[in-house]
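Trainee: Following this message is one structure expressed as structure tokens.
Coordinate-derived values only; no laboratory data. Quick caveat: nothing in here was measured; it's all calculated off a predicted structure. Reconstructed Cβ throughout: ideal geometry from the backbone, glycine too, with neighbour counts over all protein chains shown.
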Amino acid sequence: MMMARRFSIAECLARNASPIVLCGAIALIVIGTALANNAALDRTVIEALIRIVYVVGLYIFVGNSGVISFGHTAFMAIGAYATAWQDCCRTTKPLLMPALPNVLLEATVPPPLATIVSGVVASLFAAVVGVAIIRLSGISASIATFAVLAIVNVIFSNWDSLTAGTSTLVGIPNYTDHWFALLWAVIAIFAAHFYQTSRFGLSLRVSREDEVAAKASGVSIFSQRLIAFVISAFFVGVSGALYAHFLGTISVDAFYIDITLLTLAMLVVGGMNSLSGAVVGVGAISLLIEVLRQSEHGFALGSLTVSAPHGTQEIGLGVAMLIMLIFRRNGIAGNQEIGWRLSRFLAPQLQRSSKVTEDY
Amino acid sequence: MMISALQILVDAISLGSLYALATLGVGLVFGVLRLANFAYGDFITVASYALIIPTAGATVEIVIGRWPWPFLVIAVAGVVVILSLASEYFVFRPLRTAKPAVLMVGSFALGYIIQNIIIVVYDGRPKAVGLWPELGEAIVLSGLRMPRLELLIIVVTLVLLGALVLFLKASPFGVQMRAASEDFRMARMLGVRANTVIGTSLVISGFLAAVVSLLFLAQVGVMSFNMGVPLMLFAFVATVIGGMGSLTGAVVGGYIVGFASILLQALLPEHLRTFRDAFVFVVVIVILVVRPQGLLVPRAARERV
Amino acid sequence: MKNRFIGTCIVAAVGAIALSGIVLAEEKPIVIGFAIAQSGWFAINDEGGIKAANLAIDELNAAGGILGRKIEAIYADTKSDRAQGAKAALEVLEKGADVVFVDLDYDMGAPAALEASKAGKISFSIGAEDVKMGAQGVGPLAFTSGPAAQLEGAAMAEWGYEKKGFKTAYILTDTLIEYNKSVCYGYEFAAKNLAGAKIVGRDTFKNGDPSIVSQVTRIKNLNPAPDVIMLCTFTPGGGAAVRQIRAAGIKTPIFASIAMDGNHWMDAVPNLSDFYYPVHGSIYGDDPRTAVNDVVKKYKAKYSAEPPFSHAFLGYIATTLYAKAVERANSTDTKKVVAALESPDGIPTIVGPYAFSHDLHIQDKFSFPIMSIQDGKHAVMDSWTTKTPFGIKELLRKGE
């Protein structure tokens, strides 16, 4: 009896080694930040955590299905605006967004609840849109997702009475602190892990490698992709809500091509096929950006301030990403999940641990 | 009323041609070779910026922009070709055997670098070069107005399309290109100098980018650090709806996008006009859902399962 | 011997520190923290305003400073990024900024302004033209040296009506940013008060559109042609639009907004004529107010180039406003300075008196020199003070 219990704890740890290790590492960083008591560092870490939620959400769809989505930022926009509708600027809301139903105009939903609701709204939108476009494959699907982003961008920019159009909305409560962001990062990572080790995730991964074989094995690619699409939209929507509660202001043009390219780059540089890759990618690139920014800022060398010229951060980021891609084609994490060695140690009987299919 | 409808048609053809020309460059590399080059928009931008020299001041120093047009075109094309070759050597070749997603992100990174170099060197303010203003005059035939520039764009597009199709079909180089696009490794084993082939394709697409850039600049007169991006985005969309692998499809796709844009702008009621682009993209999604492989699909490209 | 020497040194050092502590405490500078774009695509827009602000700071310091204290400028780069903007504000606040000056664009500067408000400090935009840089948006500690964007449109409508006899207008709006929409809103709102003025049609385009051929066709089909085309846009799309309009043979006079100021787009429309727009002040040295021309001269002397756009003056003015308010309040305490700023007495600046109120931290009437371009040359042709009253609702573009 004792033996069985010990095995099951070890087994549990082994099965979930990857998210545990990832979340542990992130939690340590956040605790360190909390102790450091530096406002700018704090904001940098929170921004990175929000990006983790986005990229992990993106990974749930892109990583498992192999279909590149250029449109997930639409979900972030929806999440952010859904948040604004719920808890922004009580006094000016009726003036700025008169088309909202009275329920929303009079309400100020508590931010944690607003965040969840925003995620759900994004998922509902993804469900509706997904039914139309998930049937498509490969590049057509990617272009269709971009079309969705463009459509959302145009509608939000011009439906002035609903979203205040191109105007910047101010007055969203600043609820996202490092603990709240950490909480959602952990939820996202564990959700992604449970999804990808579930029957649904595995079926989808099979279709990523070989669509024909998957179909022959009875996998309904359409359903599986749609499920992944909706789940991933939830987290990306949540990241939008977190962002809104972080900056306190939102405007439509923040949710378009720039953030799309950045998050896609983070996913690919980290490793598109593994959850660890998603997290590591965000960490690596966020760190890189900060280091380069500091170099522009300057270091004190004795009585001199040595600083890199303006533009170093952006150009340096591009160059560094290229180098990382050239030297590690499969991303930093390769196709591996962090912690698979640990899980093999803890429960060797789980031979098919969390090591995922490798590329040839 | 009759003239109005015809004029709308004429306007649609004129915008369509600009998009078609841009799509041609993308279609060659993306459609045929399946190489997603998201720095293409920035190649277009560089071509225009090659006309001026960087200064810190507000006034623009136009140098190459003042040369007679043959030299101007050759010089600008030369700049973009060099840029294409450099990109091939430093970015695309090292990533040749990587997954498409990696190549995509790699080309984003390249584009990002180019854009920021432009901002640092030229600053973020738009610059004007009133290129070939005489082309702005319109030819008026029985009340229908078509600017000479648009006629030139149509002619250039069709000529280039014809030349490229011939090139792909008839020349050994073209055959090798199609072979390399279908199966890179196999092609190399069969003796195709795939790197040369792909490199040359990039050079050709660079030349096309230069042509698009100059004609676009002649249309708008003002360049900015991200001027090529909207064109490139529409070009990628048009390539896919036109049919991957088919150059004619790329041109058709470009015309469709242009037509949709103009028709909607002309016919939508005033309060819906600001949503024009949303409607255009809905049209795109509809086309993709109805014909996922695009409108014109070359026989070889159909999946046989 | 050695011990005595060291001892003396220590005493001397302590004494010096104590003395300097007293001396420094009296001369602690007033710190203006600039959380603005020094790099990235937006930097060029802030540049003129920052340079002009520094000009103002130099002048004030040369005259002895404010309340006997020198003004010191510290900077943090927003890198044209909103999230970084918030961090930049935090940085200057940490370094002891008494006030935070933010980007001249409301959308870009809002996050930085919010941080300043949260820290209980005043934030001043170097030229935002959106009323939300104030109590209706960022908060009661936010101010801007800009006139409301609607005023630009109103000025053109009124001036065109009175001085040029323009009654019918066609409005073409670039829908990319809020500012454009506000300018055209202001035009239409003012036109409502002008007897016989009529908007014969409206159309929109988006900055960056490769072609506005449809919009141009619509204008050409107008019969009779409107007296004027009101174009609410900025470069590059604005330059492209004017080029295409004129190339189509449309000779109708064109009105635009301050965003079209500057020489950089002139080559797109060679020999442009009949083009008019308001400015905060003329950068060409021919402003009707000598104070403005003086600033242009001093700017040229210090930076070997004239200001790039008239928004530069707003940077100068922001510094003036803050400095004068501190003087009147006799302290840098936020509450007192805010009260001084909101005082109905107003504060004189190089373009005229500015007045804020508890509800309005932006100018709701303004005197604009009217710039005209004839044959590609810029010249101030007239001056106009807006008459149409704008309430908060109209400034939020929600009035009817």
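Trainee: Once you average over the residues of C:264-275, how many Cβ atoms of partner chains fall within 10 Å of each Cβ?
Mentor: Per-residue shielding by partner chains comes out at 5.
Trainee: Only Cα pairs under 8 Å and at least 6 apart count here; give the relative contact order of segment A:151-301 as a rounded whole percent.
Mentor: Value for segment A:151-301: 27 percent.
Trainee: Let me know the shape class of segment B:2-301, please: from the alpha-carbon gyration tensor, a ≥ b ≥ c as square roots of the eigenvalues, rounded when a/c is under 1.5, otherwise prolate if a/b is greater than b/c, or oblate.
Mentor: Cα axes put segment B:2-301 in the oblate bin.
Trainee: Scan segment C:202-301 for trypsin sites (Lys or Arg not before Pro) in coil per DSSP, keeping those whose Cβ has at most 14 other Cβ atoms within 10 Å, and list them by number.
Mentor: Of the trypsin sites (Lys or Arg not before Pro), the ones in loops of segment C:202-301 whose Cβ has at most 14 other Cβ atoms within 10 Å are C:251.
Trainee: Moving to a separate point now. For segment A:13-254, with the dipole built from +1 on Lys and Arg beta-carbon atoms and -1 on Asp and Glu ones, taken about the Cα centre, which of A:170, A:119, A:212 lies farthest toward the positive end?
Mentor: A:212
Trainee: Also, I was wondering about something else. Of the cross-linked pairs C:251/C:297; C:79/C:297; C:198/C:300, which ones have a Cα-Cα span greater than 32 Å in the structure shown?
Mentor: Correct reply: C:251/C:297; C:198/C:300.
Trainee: Here is a further query. Compare the Cα positions of B:158, B:74, B:186 along the charge dipole of segment B:2-301 (+1 at Cβ of Lys, Arg; -1 at Cβ of Asp, Glu; about the Cα centre) and return the one farthest towards the positive end.
Mentor: It is B:186, whose Cα lies furthest towards the positive end.
Trainee: Also, quick follow-up: Below 13 Å, Cα to Cα, which aspartates and glutamates can residue C:206 reach? Residues fewer than 8 away in the same chain don't count.
Mentor: By straight Cα distance, residue C:206 reaches B:277, C:174, C:178.
Trainee: Using only Cα atoms, locate the centre of segment B:258-280 and the centre of segment A:105-181, then give the distance between them in Å, rounded to an integer.
Mentor: If we compute the Cα centre of each part, the gap is 23 Å.
Trainee: So, one more: Going by Cα centres, segment C:335-355 and segment A:304-331 are how many Å apart?
Mentor: That distance is 47 Å.
Trainee: Further question on the same structure: Can you give the mean number of other chain Cβ atoms that lie within 10 Å of the Cβ atoms in peptide A:85-96?
Mentor: Average neighbour count from other chains, rounded to a whole number: 2.
Trainee: Would the protein assembly as shown count as rounded, prolate or oblate if I go by the C-alpha gyration tensor, calling it rounded below 1.5 in a/c and otherwise prolate when a/b exceeds b/c, oblate otherwise?
Mentor: oblate
Trainee: Next question. When only C-alpha pairs under 8 Å and at least 6 residues apart count, what is the relative contact order of chain B, in percent?
Mentor: Here the relative contact order equals 35 percent.
Trainee: Sticking with this structure for a sec: For a quick protection proxy, order the peptides A:27-34, B:109-116, A:239-246, C:270-277 by their average other-Cβ count within 10 Å, most packed first.
Mentor: A:239-246, B:109-116, C:270-277, A:27-34
Trainee: Mind checking A:248-255 for the average number of partner chain beta-carbons within 10 Å of each residue's beta-carbon?
Mentor: Whole-number average of other-chain Cβ neighbours for A:248-255 is 5.
Trainee: Rounding to the nearest 20 debye, state how big the charge dipole of chain B is about its Cα centre with +1 on each Lys and Arg Cβ and -1 on each Asp and Glu Cβ.
Mentor: Roughly 940 debye for chain B.
Trainee: Suppose only helical runs count, i.e. DSSP H with n ≥ 4. What mean residue ellipticity at 222 nm does that imply for chain C under -39500 (n - 2.57) per run, divided by all residues and rounded to the nearest 500 deg cm²/dmol?
Mentor: -13500 deg cm²/dmol
Trainee: Based on alpha-carbon centroids, what's the gap between segment C:265-293 and segment C:82-137 in Å, whole number please?
Mentor: Centre-to-centre distance over Cα atoms comes out at 30 Å.
Trainee: If packing is taken as the mean number of other Cβ atoms within 10 Å per residue, what is the order of B:289-297, A:92-100, highest first?
Mentor: The peptides rank, most packed first, as A:92-100, B:289-297.
Trainee: Here's another thing I want to ask about it. Kindly write out, for segment C:146-155 in residue order, the coupling ³J(HN,Hα) from the Karplus curve 6.51 cos²θ - 1.76 cosθ + 1.60 (θ = phi - 60°), rounded to whole Hz, with x marking Gly and Pro.
Mentor: With coefficients 6.51, -1.76 and 1.60, one gets x, x, 4, 4, 4, 5, 4, x, 4, 4 Hz.
Trainee: When a/c reaches 1.5 or more, the comparison of a/b and b/c decides; with that in mind, is segment A:13-254 rounded, prolate or oblate per its Cα gyration tensor?
Mentor: It is oblate, given that a/c is not under 1.5 and a/b is not larger than b/c.
Trainee: Within 10 Å, count the other beta carbons around each residue, average over each peptide in C:339-352, A:37-50, A:147-160, A:101-114, and list them highest first.
Mentor: A:147-160, A:37-50, C:339-352, A:101-114
Trainee: Here's another thing I want to ask about it. Ranked by Cβ crowding within 10 angstrom, fewest neighbours first, how are A:23, A:88 ordered?
Mentor: Arranged by neighbour count, lowest to highest, A:23, A:88 become A:23, A:88.
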